[in-house]
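The values are calculated or read from the model by the stated rules, or taken from the named source; none is laboratory data. Small disclaimer: the values here were computed from a predicted structure and weren't measured. Virtual Cβ from ideal backbone geometry, glycine too; neighbours counted across all protein chains shown. Surface accessibility is based on the protein's heavy atoms, side chains included, excluding ligands, DNA and RNA. Shrake-Rupley method; radii C 1.70, N 1.55, O 1.52, S 1.80 Å.
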Amino acid sequence: MKILKFGGSSVATPQRIQSVIEILKPYLKEEVAIVFSAFGGVTDQLIQISKLALEGNHEYKSKLEQLQKRHLDVVRELVSVQRQSSILAQVKIKVNELEDVLHGVYLVKERTPRTLDYIMSFGERLSAYIIAEVMRDQALAVEYLDARTVIRTDSNYGHAKVDYAITNKQIADHFRHHQDVQIITGFIATAENGETTTLGRSGSDYTAAIFAGALHAKDLEIWTDVDGMMTADPRLVKKAFTVPEMSYEEAMELSHFGAKVIFPATMQPAMINRIPIWIKNTFNPTFKGTKIHADASNGKLIKGISSMSGISLLNVQGSGLLGVVGFSMRLFATLAREKVNVILISQASSEHSICIAVDSHYAQAAKVAIDREFQNEIRNEEVDEVMVEQDLAIVAVVGDGMKQSPGTSGRMFAALGKNGVNVSAIAQGSSERNISAVVRQQDVGKALQALHEAFFLSDRKLLNLFLVGTGLIGNALINMVNEQFSKLAEDNLLEVNVVGIANSKKMLFNEDGLNLKTCLAEMKEKGESMKMSSYVDRMLALNLPNSIFVDCTSSEEVTDCYEAILSGNISVVTPNKKANSGSQQKYNTLRKTAMRRGAKFLYETNVGAGLPVINTLNDLLLSGDKVFSIEGVLSGTLNFIFSNFTEGKKFSEVVKEAKAKGYTEPDPRDDLSGMDVARKILILSRETGLNLELGDIKVENLVPADCQGDISVDQFFKNLEKHDAAFEKLRAKACANQEKLRYKAVLKDGEVKVELGSVKDQHPFYSLSGSDNIILLTTERYHERPMVIRGPGAGAAVTAAGVFADVIRIGHYAK
């Protein structure tokens, strides 16, 4: 014997009903019984119609007519014309009976739980009857069974308790005398006084389990609209997948904390009789689904992650709790009297406080009851007034594999902590099957995704990128991410999902990830107007795990948002020097914020583009080395100029050549002023631990006085020609001494200067050419022979590569 149950979504339309019948045809060759819920949404409609009647609203009649029409339409579409009239008549009789009850509710303005149960029963009575007649019309040997004739309960309307002794006997007797396949109403039963009762939430599943237990069924199949029990809610975790098998206890834990595929009551009769429960998908009938049984073991530490929203936390604390026998008894007895269900309990070992989680709908009633019960203790300041924390949720990881497996809780809370999810309370049962944590409601999605990644995708990490600045560097970065996506996924187990992009005019978001081949064109065509505060608000509101903000601009407006971004537990990667070369206070604040929030602030490309300068320097310092001096040619532009400023060339012509080749800023004075180099050496100086402001650095400005001020670039070049002789004199003098001119930055003995000087042929700077940068680190370990870092120090491609490397570095940290 197999018991099959089909839910409301499976029979919501005539087309779906016929699909279910096609699924059932092979089963009808063996011994089966089938339980049906009401057509999709009908139970809710019945409750709403009765509410309208209760309120004296005439609209209940039109709603009832619509409900009747829906059921009659199913008959007309699926039953042959010759057999329709008698079936339509029976449907109308049932609806007329319902109408009489609703009219009574309308007249007396009263709807008792008993009456509501009776009203709700019509959903299953109509659906099961119609489906049975449709199947009979297709020459299938079936018979309609009103479960009220065999399931006996108490009179606890709305959630009746089953009398298994009577029920099991009546079911067994019925099946002995009826050979056709039974089409059974779910959800409904009869009390000992003959009145209709309902079995509570997911009552049709429970009905199927009751029949399975009574008939000692081989299998119980619950057909729904998902592929089985998932590792997490697929609406919140897109990478959730079906769990092939799990134990009854695991399924029960998950269902308690919000996994709505199956409910605890359903499993009780199956557990007692060790009947396997299959969760299968009506819309994907060939998929195997999930098997819930006693001997489930697939080696997984965790089987699922679930959540429960709408939670409030009540904290009862005070010195009056310490060592007081019976305090907890009074607390929970008080809540029981108020019919407040306690979902989670957490108590500190100091006995100073007890924390309980309840449904938010009952939080205020619980607080009032507790304050009343302990009013004397509160008056004597032995117990504090109960504090209520709202807008919370519970996330839970569940799995039998946690038993005696060290590190599960560590992995759980590490994943939450790295993503900035604060935990308000924790609970774990002695069975070691469940670890629950109370978090903010707004963090539920991020918490579930982070936990799912930690336990089910631990060998793979998804990074969510938000990029501002789609110029040369930003565009190069987008291309790199696109080109390297597959290689990163395969070799580094990292998936980079670009969620948002923006330039100075437009911004574009897609939580599922932008198409990197078309996103720039799409932003231009469909993007919203860009406002940095709006961009940050959207990024924080999405609240995605492993989020990284990438700033490829040179804007100070963007760097002003770094603190808010880091405070939102979003890491920052940037080649923009403005933040780190601003005030010392801002520099310190950003580091402290990143450290406090567990986010990363990486800026390797602030100095030397893609060269490993800052990381190398920090590694030396972290390992205990001491920096004596830093010397560097830190401007690729100025190095190109002075490398190409040879005999026979005028200085102004070399500067024009550098501009023509794109090495300089649009206004070359921005390079010749030396301020860009000053910012870079300031950042390196601060990395060594010095407290310096930009104004503390001695900077030699290579822009002559008459070339400064508010003049055009063309006028600047005309004026610069007047100084060619002066620059030639400097070059000739250096050449005569067998030296070359280099614009260098030097940190030594706590002082920093940026100036034009000359170096001899033995000096590492002498052979520097093109737009390369070079940095010499003289430290306690690298004293006789300084460490040399040399390579391209400018260009969109190398800078984008350095930014990408920082992104990947954060990905490895997130693991």
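Some observations on this one:
- Around LYS661: net Lys/Arg minus Asp/Glu count, Cβ-Cβ under 14 Å: -2
- Neighbour net charge for ASN341 - beta-carbon separation under 14 angstrom, K R +1, D E -1: +1
- Sequence ranges 488-495, 197-204, ranked by mean other-Cβ count within 10 angstrom, highest first: 197-204, 488-495
- Residues of type lysines that LYS506 reaches as a straight line, Cα spacing below 22 Å, ignoring anything fewer than 8 places off in the same chain: LYS517, LYS524, LYS526, LYS531
- From phi via Karplus (6.51, -1.76, 1.60), per-residue ³J(HN,Hα) for segment 492-503 in Hz, x at Gly/Pro: 10, 6, 10, 10, 9, 10, 7, 8, x, 9, 7, 10
- Residues listed by number, segment 656-682, amide nitrogen under 11 Å from PHE717 label point at 7 Å toward C-beta: 656-661, 668
- For LYS61, the lysines whose Cα comes closer than 23 Å to its Cα, not counting residues fewer than 8 places off in the same chain, are LYS51, LYS69, LYS92, LYS94, LYS109.
- Within a straight-line Cα-Cα reach of under 18 Å, LYS291 can be paired with the following lysines, leaving aside sequence neighbours fewer than 8 residues apart in one chain: LYS2, LYS5, LYS218, LYS260, LYS280, LYS300, LYS303.
- Pairs exceeding a 29 Å alpha-carbon distance, out of LYS367/LYS418; LYS659/LYS722; LYS25/LYS288: LYS367/LYS418.
- Relative contact order of the chain, taken over Cα pairs closer than 8 Å and 6 or more residues apart, is 8 percent.
- Cα gyration tensor shape for segment 503-658, rounded if a/c is under 1.5, else prolate or oblate: oblate
- In Hz, Karplus ³J(HN,Hα) per residue of segment 802-811 (6.51, -1.76, 1.60; θ = phi - 60°; x = Gly, Pro): x, 5, 4, 4, 5, 4, 5, 4, 5, x
- For segment 24-44 versus segment 776-802, the gap between their alpha-carbon centres in whole angstrom: 72
- Nearest-0.05 FRET efficiency for ASP512 and GLU657, computed from C-beta distance (R0 35 Å): 0.15
- In segment 738-815, lysine pairs with alpha-carbon atoms under 20 angstrom apart (chain gap of 8 or more, or interchain): 5
- Solvent exposure of the chain, expressed per residue, is 44 Å² of accessible area, with all protein chains present and a 1.4 angstrom probe.
- Among the GluC sites (Glu not before Pro) found in segment 1-78, those both in a DSSP coil and sparsely packed, with 16 or fewer other Cβ atoms within 10 Å of their Cβ, are GLU30, GLU31, GLU55.
- Antiparallel bridge percentage (DSSP; both residues within the chain; nearest 5): 60
- Computed over the chain, the per-residue total of -39500 (n - 2.57) for DSSP H runs of n ≥ 4 gives a 222 nm mean residue ellipticity of -13000 deg cm²/dmol, rounded to 500.
- Counting only protein heavy atoms and a probe of 1.4 Å, the accessible surface of the chain is 49% carbon and sulfur.
- Local net charge near LYS403, Cβ-Cβ under 14 Å (Lys/Arg +1, Asp/Glu -1): -2
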